[in-house]
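What follows is one structure encoded as structure tokens, with my remarks underneath.
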Amino acid sequence: MKKKPRVLIISTRDKTGGAARAAFRLHQSLMSIGVDSYMLVLSKISNCERVIAPHTKRDIVLAKLMPSLNSLFLELISRNKNRRVFSASYSLYSIQDKIKEISPDIVNLHWVGDGFLSMRELKKIKVPIVWTLHDMWAFTGGCHYAMECKNYMAKCGYCEALESDKANDISRRLFLDKQRAYSESDITVVPLSQWLAKCASKSSLFSNKEIRVIPNPIDLTVYKPLEKQVARKMLNLPSKKKLVFFGAMKQSNPIKGFEKLAEAICGLPTDQFEIVILGASETQEVFEEKYKVHYLGKLSDDIALVTAYSAADVMVVPSLYENLSNVIMESLACGTPVTAFDIGGNKDMIIHKENGYLARPFDTEDLRKGISWVTEDKNRESILRQAARESVLQKYNPRVVAESYLRLFEEKLDKHRKISLAENETH
């Protein structure tokens, strides 16, 4: 039997945030099919022994400092008043000793922001790299979502995220750093959605790299429907109201579209609808006072999230940009239909009027129409909830996703060995 490869997944965190949770789920999925998988992280909260975090005093201090240093760097070099997320690719932290210690056959990069991985460190990785893209950062000069900017197709500069009016600004220099590093690295790109694959293929950084779409997995034995009224009782939510859920760690993040949600809600019958905010706890005076808002705060464990999703009549994802939303995937897995804008990777998961509703991009009236359509008919609700669950059963099954990655890893390693043999014969 062919020996499965040793894989090292590199992610800034293991379970904090959507990208980290997705990387950890992949790690678990790979182990479940016998892959020798490890994770290397800057910040760890899981108790998995195969997740390796800083442990020396020096590394622990650096790990705590790097996110703050990245933020300070951004403050110093930009006029970033709109708070667009931007990460430099500089770091004082080195991962080379850990890579040598683990000695992987292949490295799988995930979200490596907050100063975790520098381009200098990336160039030192001598085994094949598979880079799973959770946003656009890997092929831009530093922004995580380019919005309407197309400069990443060439070489960045005049960075909108930094409100820069200079061609040779920090975004271009960071872009060129990536260009040099990628030219010396064996990288295959794995976007999570068809939308991000198209963006990556248009980037001059990845235009000559192999691109293969593989979605995130989700544990369908954990994320499964719970009876709605039981879930509401557990969360002390009203039993007879139509509950509209929205999830975001920070309501202030403009990409998450909180204000679009507020516009869409206005006009719904106040005696029927109430709003539930999942993830954030701060009060935002965006909704009209007549709408009752429940704040659930940050729910960090899977069981609490399953309970919340199951309590909802509809999950609304009004994001302006999305790759492959964990919120959408988790909600559908729990049998709750989703209303969202038809942008990014949303159409990879939401089938219009089958398991949810895809509204015209940024049309809040159509978003409101979608909320109403999902919730107005009890018979339709039952059909939608069943379709929501069924839509994720195969496509995002952990075994299916893990086997897709394993095939890619083995293809990469076979190609790498053939090239190495050919080079040895030449010499």
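Checking the conditions here, which among Leu42, Leu26 is under 13 Å from Trp111 (Cβ atoms), touching a residue at least 40 places away in the same chain (Cβ under 8 Å) and either part of a helix (DSSP H, G or I) or not hydrophobic (A, V, I, L, M, F, W, C) (or both)? Please lay out each step first, then the result.
Values: Leu42 fails: either part of a helix (DSSP H, G or I) or not hydrophobic (A, V, I, L, M, F, W, C) (or both).
Checking each option against the conditions leaves just Leu26.
Can you name the residue in region 5-32 that is among the aliphatic types (A, V, I, L, M) and open to solvent by 20 Å² or more (accessible area, probe 1.4 Å) and is also nearest to the chain's Cα centre (by Cα) among such residues?
Of everything passing the filter in region 5-32, Ala19 is nearest to the chain's Cα centre (by Cα).
Could you grab me the full set of residues in region 138-161 that are of a type outside the set (Ser, Thr, Tyr) and crowded, with 23+ Cβ neighbours inside 10 Å? Working first, answer last.
Here is the first cut: in region 138-161, the ones of a type outside the set (Ser, Thr, Tyr) are 138-139, 141-144, 146-151, 153-157, 159-161.
Of everything in region 138-161, those that are of a type outside the set (Ser, Thr, Tyr) and crowded, with 23+ Cβ neighbours inside 10 Å turn out to be Ala138, Phe139, Gly141, Gly142, Cys143, Ala146, Cys156, Cys159, Ala161.
Among residues belonging to region 348-368 that are assigned to a strand (DSSP E or B) and among the aliphatic types (A, V, I, L, M), point out the one that is most open to solvent (accessible area, probe 1.4 Å).
Applying the first criterion (assigned to a strand (DSSP E or B)) to region 348-368 yields 352, 356-359.
With the extra rule that they be among the aliphatic types (A, V, I, L, M), the set shrinks to 358-359.
Details: Leu358: 25, Ala359: 1 Å².
Here the answer is Leu358.
With the structure loaded, tell me whether Ala308 is modelled with pLDDT of 95 or more and more than 19 Å from Gly370 (Cβ to Cβ) or whether it fails that test. Don't jump to the end; show me each part of the working.
Working: modelled with pLDDT of 95 or more: yes; more than 19 Å from Gly370 (Cβ to Cβ): yes.
Criteria met by Ala308.
Regarding Glu330, is this residue in contact (Cβ under 8 Å) with a residue 60 or more places away in the chain, of a type in the set (D, E, K, R) and in contact with an Asp or Glu (Cβ under 8 Å, 6 or more places away or on another chain)? It would help to see each step written out before you state the result.
On the way: in contact (Cβ under 8 Å) with a residue 60 or more places away in the chain: yes; of a type in the set (D, E, K, R): yes; in contact with an Asp or Glu (Cβ under 8 Å, 6 or more places away or on another chain): no.
In short, no.
Answer yes if at least one residue in region 206-225 is free of Cβ contacts under 8 Å to residues at least 12 places away in the same chain and of a type in the set (A, V, I, L, M, F, W, C), and no otherwise.
Within region 206-225, none of the residues are free of Cβ contacts under 8 Å to residues at least 12 places away in the same chain and of a type in the set (A, V, I, L, M, F, W, C).
Kindly indicate whether Ser89 is at pLDDT 85 or above and buried (at least 24 other Cβ atoms within 10 Å of the Cβ).
Considered against the rule, which asks whether it is at pLDDT 85 or above and buried (at least 24 other Cβ atoms within 10 Å of the Cβ), Ser89 comes out as no.
Taking the conditions exactly as written (open to solvent by 70 Å² or more (accessible area, probe 1.4 Å) and in a helix (DSSP H, G or I)), does Ile371 satisfy them or not? Explain how you work it out, then say what you get.
Numbers: open to solvent by 70 Å² or more (accessible area, probe 1.4 Å): no; in a helix (DSSP H, G or I): yes.
It is false that Ile371 is open to solvent by 70 Å² or more (accessible area, probe 1.4 Å) and in a helix (DSSP H, G or I).
For a quick check of your reading of the model, give me the residue pairs whose first member lies in region 375-392 and is closer than 18 Å to Lys242 by Cα, whose second is outside any helix (DSSP H, G or I) and among the hydrophobic types (A, V, I, L, M, F, W, C), with beta-carbon atoms closer than 7 Å and at least 6 apart or on different chains.
Here the result reads Thr375/Val314, each pair linking region 375-392 to a residue that is outside any helix (DSSP H, G or I) and among the hydrophobic types (A, V, I, L, M, F, W, C).
Sort out which residues of region 162-178 are surrounded by fewer than 22 Cβ atoms within 10 Å (Cβ to Cβ) and of a type in the set (S, T, N, Q), and write them in order of number.
Ser164, Asn168
Name the single residue that is surrounded by the fewest Cβ atoms within 10 Å (Cβ to Cβ) among those in region 401-427 being among the β-branched types (Val, Ile, Thr) and at pLDDT below 95.
Residue satisfying both the conditions and the ranking: Thr426.
Which ones in region 311-347 are assigned to a loop (DSSP other than H, G, I, E, B), within 16 Å of Ile371 (Cβ to Cβ) and open to solvent by 10 Å² or more (accessible area, probe 1.4 Å)? Let's see the steps before the verdict.
Of region 311-347, the ones assigned to a loop (DSSP other than H, G, I, E, B) are 312-313, 318-325, 334-337, 342-345.
Okay, now just the ones that are also within 16 Å of Ile371 (Cβ to Cβ), so 312-313, 318-319, 336-337, 342.
Asp313, Asp342 - these are the residues of region 311-347 that are assigned to a loop (DSSP other than H, G, I, E, B), within 16 Å of Ile371 (Cβ to Cβ) and open to solvent by 10 Å² or more (accessible area, probe 1.4 Å).
Select from region 231-243 the residues that are without any contact (Cβ under 8 Å) to a residue 12 or more places away in the chain and in a helix (DSSP H, G or I) and list them in ascending order.
Correct list: Lys233 only.
Test of understanding: among Lys98, Lys2, which residue is open to solvent by 70 Å² or more (accessible area, probe 1.4 Å), at pLDDT below 95 and of a type outside the set (A, V, I, L, M, F, W, C)? Spell out the reasoning first.
Details: Lys98 fails: open to solvent by 70 Å² or more (accessible area, probe 1.4 Å).
Of the residues listed, the single one that is open to solvent by 70 Å² or more (accessible area, probe 1.4 Å), at pLDDT below 95 and of a type outside the set (A, V, I, L, M, F, W, C) is Lys2.
The values are calculated or read from the model by the stated rules, or taken from the named source; none is laboratory data. A quick note: this is a predicted structure, and the numbers were derived from the prediction, not measured. Here Cβ is always computed from backbone atoms with ideal geometry, including for glycine, and neighbour counts include all displayed protein chains. These accessible areas exclude ligands, DNA and RNA; they are computed on the full protein's heavy atoms, side chains included. Shrake-Rupley method; radii C 1.70, N 1.55, O 1.52, S 1.80 Å.
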